[in-house]
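S.K.: This is the structure I want to talk about, given as structure tokens.
The values are calculated or read from the model by the stated rules, or taken from the named source; none is laboratory data. This is a predicted model, so every value here is computed, not measured. Because the Cβ atoms are built from the backbone with ideal geometry, glycine has one as well, and the counts that use them run over all protein chains shown.
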Amino acid sequence: MKRIVSLFLAILLISCCIVLAGCGDKSKTVLINGAPLSEYTVIIPEGCDNVTRYAAENFVDLTKDVLGLELTIKSDLADPMDKEILIGATNRAESKTETALKDKEYLLFTKNGKIVMQGYDIYIGGACGDFINKHISPALSADKRKIDITSIAKEPTPTEFKFANKSTSVIFMIGDGMGNQHIRMAEQNGLTKFIGKKLPYSASVTTSSESVLSGEIGWTDSAAAATAMSTGYKTLNAYLGLDKEGNQLKNIRELAYEKGAKTGILTTDVITGGTPAGYLCHHTNRKDTEILQAQIDKITNDKKIDYIKGEVGNSLTDETKYALDTLSAGGSPFFIMIEEAQIDKMSEAHDYNGTIDAVKRFDDAILYAVEFTLCHPDTMLIITADHETGELVPKITNEYKFEFKTYHHTNYNVPVYAIGSGCESITGDLDNTDLAKISAKAFTDSPFGNND
Ligand SMILES: [Zn+2]
């Protein structure tokens, strides 16, 4: 009996050692001046803006995904510690620098054993991304992470952020009904500056469907517009994933899935809504919700999608964070379409506050996605709308400085904003089918969509 107990204890001891060695190896692969990264705490300024907060959250999330480390984020009101990663303009002496930064530039340096990360506006994520890519990227082999980081600059030297040569993941964000004036109205009612306008690429997009081009109706619906952006083909209003003759078209989510990428759909609308259904279904009538739901259920049951969520209520940003964490886990390439549907619905109701709130909610989710993109520089981020809703025009006498003129969609051009490799052609005037072709480049070298 005694021998059995001894044997049992010995096995237990060996098992513990193996487990501990395993964990130890993982947590100590990144060393900062000889100390493991796990001993560090991330510090951000108390009450900082969401740019800094989301950059820090992305840094911590990716560190957890790659290294299995749970780094803590603390406000700079916490007592200073020896081992700190200072993100943004914290109150620590090490964060103080006279170095002026220009657009796209960031700082990454060490001082007194602390790591300092700063950036020009949204490019603070660039400093986090640089550190991740050099030292803890999933693309690096484990031994590459076993380095003593004495190579980090000792002086704050501005560096211009560079994306990977090629994007292998796509975040495609749609503000349903969001025209240029919807953005301007939000900016004149509390939104400092729409995040899309801080991105390096932008263009004006035509939204006409085949039904508009044939003169049948004056504006596209969400189904035809989503089909154009997901397949690269124009179609009739109400059609989903079909050309005007009713032939089935491959959408970009299906293309990404075929190429081994993870895929996801996230919307504040019902999942059978025109926009999400344009990335999921193939059918002639967007109103046949039972048929659409059956098609979506089949995709889900066949496990041909990795993340799907409709009717997101409170925080689109929180759900965006969860979705991106899920899809990018283990460094996987992915495609996701994220939609804020309330801009359209509130505009149709001429609800000014509701429209403004929806644009602000969308803007905050975009900011999270921007910081994610800077921490994952093999990702392209495209932000656009499917059409304009409500013919919103400036009107100085209105309480909100703008006025809705109609209760339906219009044929106005909508804006597109983008960041990442592969987005260089997002400039000047584009068609909504071009956006499918541009985003498909992350998944195939072959032509995608129509070639007119
Ligand atoms: Zn729409």
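S.K.: Anything in the stretch 198-220 that is touching a strand residue (DSSP E or B) at 6+ places or on another chain (Cβ under 7 Å), of a type outside the set (A, V, I, L, M) and either within 16 Å of the ligand (Cβ to nearest atom) or not in a strand (DSSP E or B) (or both)? List them, or say none.
M.R.: Result: PRO200, THR206, THR207, TRP219, THR220.
S.K.: Check whether at least one residue in the stretch 179-188 is in a helix (DSSP H, G or I), out of contact with any strand residue (DSSP E or B) (no Cβ under 8 Å at 6 or more places or on another chain), modelled with pLDDT of 95 or more and not hydrophobic (A, V, I, L, M, F, W, C), and report yes or no.
M.R.: yes
S.K.: Scan the stretch 115-141 and report the pairs whose first residue is hydroxyl-bearing (Ser, Thr, Tyr) and whose second residue is in a loop (DSSP other than H, G, I, E, B), with Cβ atoms within less than 7 Å and a gap of 6+ or a chain change.
M.R.: TYR120/LEU101; TYR120/LYS102; TYR120/ASP103; TYR120/LYS104; TYR123/LYS104; TYR123/PHE161
S.K.: Please go through the stretch 366-388 and give me each residue that is away from the ligand (no atom under 16 Å from the Cβ), outside any strand (DSSP E or B) and either surrounded by 24 or more Cβ atoms within 10 Å (Cβ to Cβ) or not charged (D, E, K, R) (or both), ordered by number.
M.R.: Correct list: ILE366, LEU367, TYR368, ALA369, VAL370, GLU371, PHE372, THR373, LEU374, CYS375, HIS376, PRO377.
S.K.: Still on this structure: Does the stretch 132-150 contain at least one residue that is at pLDDT 90 or above and in contact with a Ser or Thr (Cβ under 9 Å, 6 or more places away or on another chain)?
M.R.: no
S.K.: A further question follows. If only one of GLY313, GLY331 is on the phi > 0 side of the Ramachandran plot, among the small types (Gly, Ala, Ser) and away from the ligand (no atom under 16 Å from the Cβ), which one is it?
M.R.: Sole residue among the options that is on the phi > 0 side of the Ramachandran plot, among the small types (Gly, Ala, Ser) and away from the ligand (no atom under 16 Å from the Cβ): GLY331.
S.K.: While we're here: Take the residues in the stretch 389-412 that are farther than 21 Å from GLY190 by Cβ and surrounded by 18 or more Cβ atoms within 10 Å (Cβ to Cβ), then tell me which one is nearest to the ligand (Cβ to nearest atom).
M.R.: Among residues in the stretch 389-412 that are farther than 21 Å from GLY190 by Cβ and surrounded by 18 or more Cβ atoms within 10 Å (Cβ to Cβ), the one nearest to the ligand (Cβ to nearest atom) is HIS409.
S.K.: Has the stretch 127-149 got at least one residue that is over 27 Å from SER439 (Cα atoms) and polar (S, T, N, Q)?
M.R.: Yes, there is a match, as at least one residue in the stretch 127-149 is over 27 Å from SER439 (Cα atoms) and polar (S, T, N, Q).
S.K.: Mind listing just one residue for me: the one in the stretch 146-161 that is touching a Gly at 6+ places or on another chain (Cβ under 9 Å) and within 17 Å of TYR120 (Cβ to Cβ) and, of those, nearest to the ligand (Cβ to nearest atom)?
M.R.: Once the filter is applied, the top-ranked residue is PHE161.
S.K.: Quick check on my filter: what residues within the stretch 69-128 are hydroxyl-bearing (Ser, Thr, Tyr) and crowded, with 18+ Cβ neighbours inside 10 Å?
M.R.: THR90, SER95, TYR106, THR110, TYR120, TYR123
S.K.: While we're on this one: Regarding the stretch 274-285, can at least one residue be identified that is more than 16 Å from the ligand (Cβ to nearest atom), assigned to a strand (DSSP E or B), surrounded by fewer than 17 Cβ atoms within 10 Å (Cβ to Cβ) and assigned by TED's automatic domain parsing to the domain that holds ASN413?
M.R.: no
S.K.: Quick check: is even one residue across the stretch 168-176 within 16 Å of the ligand (Cβ to nearest atom), closer than 24 Å to LEU324 by Cβ, in a loop (DSSP other than H, G, I, E, B) and modelled with pLDDT of 90 or more?
M.R.: Yes: the stretch 168-176 contains one or more residues that are within 16 Å of the ligand (Cβ to nearest atom), closer than 24 Å to LEU324 by Cβ, in a loop (DSSP other than H, G, I, E, B) and modelled with pLDDT of 90 or more.
S.K.: With respect to ASN58, is the statement that it is touching a residue at least 60 places away in the same chain (Cβ under 8 Å), in contact with a helix residue (DSSP H, G or I) (Cβ under 6 Å, 6 or more places away or on another chain) and surrounded by fewer than 16 Cβ atoms within 10 Å (Cβ to Cβ) true?
M.R.: When the stated conditions are applied, ASN58 does not pass them.
S.K.: Sticking with this one: From the list ALA223, ALA186, which residue is in the same structural domain as TYR400 (by TED's automatic domain parsing) and more than 12 Å from the ligand (Cβ to nearest atom)?
M.R.: ALA186
S.K.: Just name the residue that is surrounded by the fewest Cβ atoms within 10 Å (Cβ to Cβ) out of those in the stretch 303-358 that are of a type in the set (Asp, Glu) and assigned to a helix (DSSP H, G or I).
M.R.: ASP318
S.K.: Right, next: With respect to the numbered conditions (1) closer than 23 Å to LYS193 by Cα; (2) of a type outside the set (Lys, Arg); (3) assigned to a helix (DSSP H, G or I), which one is the sole condition not fulfilled by LEU435?
M.R.: (1)
S.K.: Given the residues ILE252, ILE265, which is the only one that is in contact with a Phe, Trp or Tyr (Cβ under 9 Å, 6 or more places away or on another chain), in contact (Cβ under 8 Å) with a residue 60 or more places away in the chain and closer than 18 Å to GLY175 by Cα?
M.R.: Among ILE252, ILE265, only ILE265 is in contact with a Phe, Trp or Tyr (Cβ under 9 Å, 6 or more places away or on another chain), in contact (Cβ under 8 Å) with a residue 60 or more places away in the chain and closer than 18 Å to GLY175 by Cα.
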